[in-house]
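Below is one structure, written out as structure tokens, with a few remarks after it.
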Ligand SMILES: Nc1nc2c(ncn2[C@@H]2O[C@H](COP(=O)(O)OP(=O)(O)O)[C@@H](O)[C@H]2O)c(=O)[nH]1
Ligand SMILES: [Mg+2]
């Protein structure tokens, strides 16, 4: 069933990669079947230390996509754009991002670029904030395809930012001179989210004032964390950029390299890789087990009794659990 996709994938055809992504998006419950086939054929290691995942987060309109397109002039790899606005605005938002990145990046070409860059926009289906359910599958497909760098752009709400820091090795938090409120809101949380802070739209008035506010927020966060005994070894740099004009991108690249070195030296990348693969494994398996459960007569019977108010959910749990453990022992 997957032969054509798998064959093309192994040959390094971007059309096959594109088809594989469409498949996992359309049939999430069968995604593991396709990915396992591909994984067997390519033999690539999902927990390799050579892989680097960069997350870019921040409010909509702050310049994330513009930054990504600038970075793509210097980094090659697979890009995932999680755009929550694409849920509401039919087609338009996705297209907008694609076109902007397409035009501004000299090296990118959607679906079939020859320069080692591949960009995919995905809707988020209203999931928590900016990260789609399929993000991990797509990351794994990129890794299996052979990309060493993966960039994920996600529009930030508080929750998404924590999500992205679980997935990405380096998280860039993008702010702008208009972000005063956000900085107040985040305060000490800022250190838990951001490895690098970008102050984009530095061409706008008040950029210096906001720069200082971020500096103070970071210092305070640092003091608070040290105060509660947390040993903070990495202090996020603040990089001023004008993404639309390519200003500050070299400095940003330097900060990215420095953070990468920091991670490598502290053995952190491998740990993160393992955690990600474990999460995939456990959540995938849980879903499968639940499918089995839903087909059990006792589950459906007990569930109905709970819904009809005939049984309390706590004893219902015990009843189903006992049934299953007896069957399995
Ligand atoms: N003034 C100014 N505008 C920028 C800058 N970077 C991006 N923009 C503009 O901000 C708007 C939103 O950019 P976009 O990259 O789509 O933001 P995203 O929603 O965070 O991905 C676009 O019109 C960009 O041209 C900048 O450094 N300065
Ligand atoms: Mg964008």
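Overview of results
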| item | result |
| --- | --- |
| Evaluation of residue 74 against (1) crowded, with 22+ Cβ neighbours inside 10 Å; (2) touching a helix residue (DSSP H, G or I) at 6+ places or on another chain (Cβ under 7 Å); (3) closer than 28 Å to residue 245 by Cα; (4) at pLDDT 90 or above (one fails), failing number | (1) |
| Residue that is nearest to ligand 2 (Cβ to nearest atom), among those in the stretch 38-54 that are touching a residue at least 60 places away in the same chain (Cβ under 8 Å) and over 27 Å from residue 262 (Cβ atoms) | 38 |
| Residue 260 vs. criteria in contact with a strand residue (DSSP E or B) (Cβ under 8 Å, 6 or more places away or on another chain), surrounded by 12 or more Cβ atoms within 10 Å (Cβ to Cβ), closer than 22 Å to residue 200 by Cβ and in contact (Cβ under 8 Å) with a residue 60 or more places away in the chain | yes |
| Any chance residue 61 is closer than 28 Å to residue 178 by Cα and at pLDDT below 90 | yes |
| Answer from 197, 164, 139 - the residue that is under 20 Å from residue 69 (Cα atoms), assigned to a strand (DSSP E or B) and in contact with a strand residue (DSSP E or B) (Cβ under 9 Å, 6 or more places away or on another chain) | 197 |
| Test: residue 31 is part of a helix (DSSP H, G or I) and at pLDDT 95 or above | no |
| Residue, nearest to ligand 1 (Cβ to nearest atom), within the stretch 218-243, restricted to residues that are under 25 Å from the mean Cα position of the chain (by Cα) and at pLDDT below 95 | 236 |
| Count - residues of the stretch 194-213 that are away from ligand 1 (no atom under 16 Å from the Cβ) and surrounded by fewer than 21 Cβ atoms within 10 Å (Cβ to Cβ) | 3 |
| Filter pass, residue 306 being surrounded by 12 or more Cβ atoms within 10 Å (Cβ to Cβ) and within 30 Å of residue 52 (Cα to Cα) | no |
| Unmet requirement for residue 174, which otherwise passes all of (1) in contact with a strand residue (DSSP E or B) (Cβ under 9 Å, 6 or more places away or on another chain); (2) part of a helix (DSSP H, G or I); (3) modelled with pLDDT of 90 or more | (2) |
| Residue within the stretch 36-52 that is closer than 17 Å to residue 118 by Cα and either outside any helix (DSSP H, G or I) or in the same structural domain as residue 199 (by TED's automatic domain parsing) (or both) present | yes |
| Residue satisfying all of: in the stretch 55-74; over 14 Å from residue 253 (Cα atoms), touching a residue at least 12 places away in the same chain (Cβ under 8 Å) and part of a loop (DSSP other than H, G, I, E, B); farthest from ligand 1 (Cβ to nearest atom) among these | 59 |
| Residue 319 vs. criteria in a helix (DSSP H, G or I), in contact (Cβ under 8 Å) with a residue 12 or more places away in the chain and under 25 Å from the mean Cα position of the chain (by Cα) | no |
| Matching residues, the stretch 13-37, being surrounded by 15 or more Cβ atoms within 10 Å (Cβ to Cβ) and without any contact (Cβ under 8 Å) to a residue 40 or more places away in the chain | 13, 16, 19, 23, 34, 37 |
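The values are calculated or read from the model by the stated rules, or taken from the named source; none is laboratory data. Since the structure is predicted, the reported quantities are computational estimates derived from the model, not experimental observations. Quick reminder, even Gly has a Cβ in these numbers, built from the backbone with ideal geometry, and neighbours come from all protein chains shown.
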